2 protein chains.
Amino acid sequence: LLALTILGNNSAIPAYGRNPTAQVVQTNDENYLIDCGEGTQLQLSKYSIKRSKINKIFISHLHGDHYFGLIGLISSMGLIGRTNDLHIYAPAPLEQILHLHLQAANTTLPYQLYFHALKEEGEIANDKKISVKAFKVNHRIECFGFLFTEKKNPRKILPERAKAYEIPEAYYGELQKGKDYTTKKGTIISNEDVTEAATDARCYAYCADTIYDETIIPKIKGAHLIYHETTYLKDLEERAAARFHCTTVQAGNIAKLAGVEKLLIGHFSSKYELLDDFLAETKTVFENTELALEGACFKI
Amino acid sequence: LLALTILGNNSAIPAYGRNPTAQVVQTNDENYLIDCGEGTQLQLSKYSIKRSKINKIFISHLHGDHYFGLIGLISSMGLIGRTNDLHIYAPAPLEQILHLHLQAANTTLPYQLYFHALKEEGEIANDKKISVKAFKVNHRIECFGFLFTEKKNPRKILPERAKAYEIPEAYYGELQKGKDYTTKKGTIISNEDVTEAATDARCYAYCADTIYDETIIPKIKGAHLIYHETTYLKDLEERAAARFHCTTVQAGNIAKLAGVEKLLIGHFSSKYELLDDFLAETKTVFENTELALEGACFKI
């Protein structure tokens, strides 16, 4: 149900064919776009991800490699005649920038654009399938991570059992919520007798750009999948800190301390052509690590 | 000396792997960038065009497919430590947009950015090798074409002849400007006797996005090479006019009436996958036409 597709993994300047940051969380119904570096609309086409299913876009911070592709995507959505609402969650200054771009082109979008300025931590979006929380991370400018949690499926009814107890179908909705059933004679039928547990709610944490900071651990604890930046290899820990970025080993530590299932690493500095060492170094700390390679799709 | 490289030729929405508009006029010393659609910095890398030799950027108008890549290019130039001045010639509203983008990222560029707001027609840039004039074209929003004229080389001195007349070398600069020489005895040595004519000054006209408009003809008359948009094939003349664009046949007409040597066509609508008909239709009116294909380099 929940999958994550990587559209870009490079930091700052595009290099070695690697694009700037963008990712898509996918459900059957919707695509949730996280960050939108320059060229994201082309990457969406390349990997056949439907723009029409993107209704919510989350921008972590206003460094260009995380949002310079947004105005192009918004404009193209208008040109192809989109009518569905589009929601953007981003630091406040982006609103005026988008407004000026549209004004300069004398553009009126054929759809409604809702801008939600990120301020505090907490839930920012909530729909049928997914809840999204924003959490602050420590970067050079205001920056947010995002926690995507699948809504816990309702309990699954065991129809043979429910029929055997003659529970009316009109009550099935209550059973799914976990309620017991009381017969006309007053006998209590335990919910566990006629339903089985929902599958576990899956959870993905996007930790954006950040300096090494253990205070994010309680915010992402127990996530099934996390993405954590590794701009530099471990020998450049000082440079990483000076620029509010992380190394391989640091990302591995965060994953280990947060007790997550799997770690994706990305936001590689343009100084590196080969990425093998990123994976090897991170795995020394946290074994279940993968590179956030472009086009790769991960089950959450 | 003067060449033109195409980096993008598509209109509005990127399609079929075609990128939005960007072109580079190249001399031995400098690259002059014309328009800068999203992804232009990647196209520059792809076609090995040095960013460091770009000192002047000309933006025709503020529709996104002509400038959404500019902020990314400007930022990257800063990140790689550029120190040379950069001059941008564009419609006025772009200045504030660039300013807000830089401010949002808390970026101070390590080089000086000079913004020149386009207002009137006339010469806007003038350096050792090239003069650039802006001219107005008729589009949905304020829009400018650009005329690049190579500076006429100075007259070439014939050293044997000049020595035979005992003309002092200190006077050679005046000879190059076309002046005659008067000997101490008062004899006039005709300039034509000791120099030969410079090669013809080459001229390229970029006509930007425009409705069919014969009033641009005197502005581009006699250019060696022109680029004229052909957003649509000839059967969509009405749609072209409604959107302030042109068809193949209309671009051919402009080239013919302006008496240019060669015509490049581009800005193809995303509705067309194949471009063959664009070339065939335009050639029925103006034979020396070529498609502005990405990566193609034309001698001016």
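Using the structure shown, decide if residue B:263 is outside any loop (DSSP other than H, G, I, E, B) and buried (at least 20 other Cβ atoms within 10 Å of the Cβ).
yes
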Residues of segment B:29-86 classified as polar (S, T, N, Q) and in contact with a strand residue (DSSP E or B) (Cβ under 7 Å, 6 or more places away or on another chain), total: 6
Flag if residue A:251 is of a type in the set (A, V, I, L, M, F, W, C), in a helix (DSSP H, G or I) and buried (at least 24 other Cβ atoms within 10 Å of the Cβ): yes
Sole residue being modelled with pLDDT of 95 or more and in contact with a strand residue (DSSP E or B) (Cβ under 9 Å, 6 or more places away or on another chain), chosen from B:103, B:23, B:96: B:23
Residues that are part of a loop (DSSP other than H, G, I, E, B) and facing chain B (nearest Cβ under 9 Å), drawn from segment A:57-66: A:61, A:62, A:63
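If you go through segment B:23-46 one residue at a time, how many are among the β-branched types (Val, Ile, Thr) and free of Cβ contacts under 8 Å to residues at least 40 places away in the same chain?
2
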Test result for residue A:234, among the basic types (Lys, Arg) and under 21 Å from the mean Cα position of the chain (by Cα): no
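Being outside any loop (DSSP other than H, G, I, E, B) and crowded, with 18+ Cβ neighbours inside 10 Å is the filter here; which residues of segment A:266-289 pass it?
Of the residues in segment A:266-289, the ones outside any loop (DSSP other than H, G, I, E, B) are A:266, A:268, A:276-283, A:289.
Across segment A:266-289, the qualifying residues are A:266, A:268, A:278, A:281, A:282, A:289.
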Pair list, Cβ < 7 Å and 6+ apart or interchain, from segment B:126-152 residues that are more than 14 Å from chain A (Cβ to nearest Cβ) to residues that are of a type in the set (Val, Ile, Thr) and in a loop (DSSP other than H, G, I, E, B): B:129/B:27; B:130/B:27; B:137/B:210; B:138/B:210; B:138/B:211
Among (1) of a type outside the set (Val, Ile, Thr); (2) outside any helix (DSSP H, G or I); (3) exposed (fewer than 14 other Cβ atoms within 10 Å of the Cβ) - the single one residue B:218 does not satisfy: (2)
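Of the residues A:13, A:54, A:49, A:88, which is at negative phi, β-branched (Val, Ile, Thr) and either free of Cβ contacts under 8 Å to residues at least 12 places away in the same chain or within 8 Å of chain B (Cβ to nearest Cβ) (or both)?
Answer to the check: A:13.
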Per-region count, segment A:78-95, residues among the hydrophobic types (A, V, I, L, M, F, W, C), surrounded by fewer than 23 Cβ atoms within 10 Å (Cβ to Cβ) and within 18 Å of residue A:23 (Cα to Cα): 2
Residue count for segment B:113-125, restricted to those that are loosely packed, with under 15 Cβ neighbours inside 10 Å and either more than 14 Å from chain A (Cβ to nearest Cβ) or among the β-branched types (Val, Ile, Thr) (or both): 6
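Among the residues of segment A:70-85, which ones are more than 7 Å from chain B (Cβ to nearest Cβ) and either assigned to a loop (DSSP other than H, G, I, E, B) or modelled with pLDDT under 95 (or both)? Before the answer, list the steps.
The initial filter retains those residues of segment A:70-85 that are more than 7 Å from chain B (Cβ to nearest Cβ), namely A:70, A:73-74, A:77-78, A:81-85.
Those that are more than 7 Å from chain B (Cβ to nearest Cβ) and either assigned to a loop (DSSP other than H, G, I, E, B) or modelled with pLDDT under 95 (or both): A:81, A:82, A:83, A:84, A:85.
In segment A:232-245, which residues are over 15 Å from residue A:279 (Cβ atoms) and either in a helix (DSSP H, G or I) or in contact with a helix residue (DSSP H, G or I) (Cβ under 9 Å, 6 or more places away or on another chain) (or both)?
Our first condition is that a residue be over 15 Å from residue A:279 (Cβ atoms); within segment A:232-245, this holds for A:235-245.
Within segment A:232-245, A:235, A:236, A:237, A:238, A:239, A:240, A:241, A:242, A:245 qualify.
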Helices (runs of 4 or more DSSP H) (entirely within segment B:116-200) containing at least 3 residues that are touching a helix residue (DSSP H, G or I) at 6+ places or on another chain (Cβ under 7 Å): B:191-194
Residue satisfying all of: in segment B:91-110; part of a helix (DSSP H, G or I) and farther than 20 Å from residue B:66 by Cα; nearest to the other protein chains (Cβ to nearest Cβ) among these: B:104
Tabulated pairs, segment B:164-189, first touching a residue at least 24 places away in the same chain (Cβ under 8 Å), second of a type outside the set (A, V, I, L, M, F, W, C) and not in a loop (DSSP other than H, G, I, E, B), C-beta under 8 angstrom, 6+ apart or interchain: B:165/B:181; B:165/B:193; B:167/B:181; B:189/B:181; B:189/B:182
Set B:32, B:67: member being crowded, with 24+ Cβ neighbours inside 10 Å, out of contact with any Gly (no Cβ under 9 Å at 6 or more places or on another chain) and at pLDDT 95 or above: B:32
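The values are calculated or read from the model by the stated rules, or taken from the named source; none is laboratory data. All values derive from a computational prediction rather than experimental measurement. Glycine gets a Cβ as well: all are built from the backbone with ideal geometry, and neighbour counts include every protein chain shown.
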